[in-house]
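The numbers here are math on the coordinates, done by the rules we state, and not lab data. Every value quoted in this text rests on a predicted model; they were computed, and no experiment measured them. All Cβ positions, even for glycine, are placed from backbone atoms using ideal geometry, and neighbour counts span all protein chains on display.
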Amino acid sequence: MSWFVPAPAAHVPRLAAALDIPLRIPRDDAVALTFDDGPHPEGTPAILEALGDLHATFFLVGEQVERFPQHAARVAAAGHEVALHCHEHTLLLRRSTRAVGEDLARAVGAIEDATGATPRFHRAPYGVYSSGALALVRERWTPVLWSRWGRDWERRATPERIARRAARGLRGGDVVLLHDADWYSAHNSWRRTAAAMASILAVVRERGLTAVSLSQSM
């Protein structure tokens, strides 16, 4: 592997631009709220309730969709976009391109069976692509990273810190990374994310923005 896209995407915009991986959406009047690692039987409903009638994109994990298809279905039924994260949440650098393809095919099958929707967008676990994986993804999906994040997976994260990090400097076109599950992060981290949502959405409204799904903007 000669290169990779590191997880702190907000800090490497030149690299992402050089590889043509979007960090932002082309809208000045909106932001894209994105949630990784679900579905989760408690976290996903909590985030859906917090969003109300706003729209977001959920990057689903196939193995969790197989466990909780009803919660994946709730995401789509509520009008949100389902997108592709992975089947097993493993760093792509540890896998051959063939193994990545098999993983994604299984995930897509699970997502389509549960939601009736075919993902358009993909985000790699930890935001890291190998060159082979990125080329493979581009054959069927659009890879997307992010420009803002709440670092809500951290053990020391609090709702206040999550909201402050996610909303600091928030402006039209930002893609915000959050999580609706704690399968691969600190235990109960989704609770803190859900608690931070009111503050994040308040900033969105204060700045005259709205929240949209990726497909509503790209």
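Does A166 meet the test of being under 17 Å from the mean Cα position of the chain (by Cα), part of a helix (DSSP H, G or I) and aliphatic (A, V, I, L, M)?
In short, yes.
Has the stretch 200-209 got at least one residue that is of a type in the set (D, E, K, R) and within 29 Å of V65 (Cβ to Cβ)?
Taking every residue of the stretch 200-209 in turn, none turns out to be of a type in the set (D, E, K, R) and within 29 Å of V65 (Cβ to Cβ).
Select, from L54, L48, L104, the only residue that is under 22 Å from V176 (Cβ atoms) and outside any loop (DSSP other than H, G, I, E, B).
L48
Please determine whether any residue of the stretch 64-73 is surrounded by fewer than 17 Cβ atoms within 10 Å (Cβ to Cβ) and among the aliphatic types (A, V, I, L, M).
No, there is no match, as no residue in the stretch 64-73 is surrounded by fewer than 17 Cβ atoms within 10 Å (Cβ to Cβ) and among the aliphatic types (A, V, I, L, M).
Which of the residues belonging to the stretch 164-191 are crowded, with 20+ Cβ neighbours inside 10 Å, touching a residue at least 40 places away in the same chain (Cβ under 8 Å) and in contact with an Asp or Glu (Cβ under 6 Å, 6 or more places away or on another chain)?
Matches in the stretch 164-191: L178, H179, A181, W190.
Mind listing whichever residues of the stretch 107-151 are in a loop (DSSP other than H, G, I, E, B), free of Cβ contacts under 8 Å to residues at least 60 places away in the same chain and either surrounded by fewer than 18 Cβ atoms within 10 Å (Cβ to Cβ) or out of contact with any strand residue (DSSP E or B) (no Cβ under 7 Å at 6 or more places or on another chain) (or both)?
Within the stretch 107-151, G116, A117, T118, E139, R140, R151 qualify.
How many residues does the stretch 57-76 hold that are within 18 Å of R123 (Cβ to Cβ) and in a loop (DSSP other than H, G, I, E, B)?
Result for the stretch 57-76: 0.
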